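Some notes on the structure that comes next.
Read the figures in this text as sums done on the coordinates, not as results from a lab. As the structure is a computational prediction, the values presented were derived from the model and not from experiment. All Cβ positions, even for glycine, are placed from backbone atoms using ideal geometry, and neighbour counts span all protein chains on display.
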Amino acid sequence: MTDFEAAKAEAQRRGVGGYERHILLCIGPDCCTPEQGEDSWKYLKKRAAEINRSGDTATTFYRTKVGCLRICKEGPVGLVYPEGTWYAGLDRAGLERVLVEHVLGGVPVEDLAIGANPFPAAPEA
Ligand code: FES
């Protein structure tokens, strides 16, 4: 198996192609301390596992840790696609609201949102 084939198999194993939303979370160090970023990331991983494996919802989502989203204030900063909603203040309480209201409920959390950048719909592949 080539590295390309291995990468493709890993993407398939991770469910790429079946997600309805993607949340990216910055773990600092400039928008929040590394400790705050790590705490939010651990919480997001735990909740993602619970939600994605629960079978209680049809929504599944992917989560990705990133180094900087170039906002660098009031973090942890994050964003949710496909809506392209950018958020600040994603501590555990903020993340929980984003997960319940936006990721699962489909409604962006206005009072935590700092911007929106929805992408045009992708053509069918
Ligand atoms: S360090 Fe988080 S947005 Fe820059």
Next on the checklist: Less than 13 Å Cβ to Cβ from GLU83, Lys/Arg counted +1 and Asp/Glu -1: what total charge do the surrounding residues give?
Outcome noted: -2
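Based on the alpha-carbon gyration tensor of the stretch 26-116 and its eigenvalue square roots a ≥ b ≥ c, which shape applies: rounded if a/c is under 1.5, prolate if not and a/b is larger than b/c, or oblate? Spell out each step's value before the answer.
Numbers: a/c = 2.06, a/b = 1.38, b/c = 1.49.
Oblate is the answer for the stretch 26-116, as a/c is 1.5 or above yet b/c matches or exceeds a/b.
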Next on the checklist: Please list, by residue number, every one of the GluC sites (Glu not before Pro) in the stretch 80-125 that is coil in DSSP and has at most 15 other beta-carbon atoms within 10 Å.
Outcome noted: GLU124
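Based solely on its DSSP helices, what 222 nm [θ] is calculated for the chain when runs of n ≥ 4 H residues each add -39,500 (n - 2.57) and the sum is averaged over all residues, nearest 500 deg cm²/dmol? Please list the in-between numbers first.
On the way: 3 runs with 38 residues, N = 125.
Taken over the chain, the calculation gives -9500 deg cm²/dmol.
In a shell of Cβ-Cβ distance under 11 Å around CYS31, excluding CYS31 itself, what net charge do Lys and Arg (+1) and Asp and Glu (-1) give? Provide the component values of the computation, followed by the final result.
Values: positive: ARG70, LYS73; negative: ASP30, GLU74.
Charge balance in the 11 Å sphere: 0.
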Item to check | Total charge dipole magnitude, the stretch 26-116, about the Cα centre, Cβ charges on Lys, Arg, Asp, Glu only, Debye to nearest 20 | outcome: 340
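Can you give the net charge of the other residues whose Cβ lies under 11 Å from the Cβ of VAL103, counting K and R as +1 and D and E as -1?
Numbers: positive: ARG21, ARG47, ARG63, ARG97; negative: GLU20, GLU83, GLU96, GLU101.
Its environment carries a net charge of 0.
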Next on the checklist: For LYS45, give me every one of the lysines with a C-alpha distance below 19 angstrom, ignoring sequence neighbours fewer than eight places off in its own chain.
Outcome noted: LYS65
Checklist outcome for this item: Computed over the chain: longest principal axis from alpha-carbon atoms vs helix 3-13 long axis, angle to nearest 10 degrees, is 70
Next on the checklist: If the reach is capped at under 15 angstrom between alpha carbons, list the aspartates and glutamates near LYS46, excluding any in the same chain fewer than eight residues apart.
Outcome noted: GLU38, ASP91, GLU96
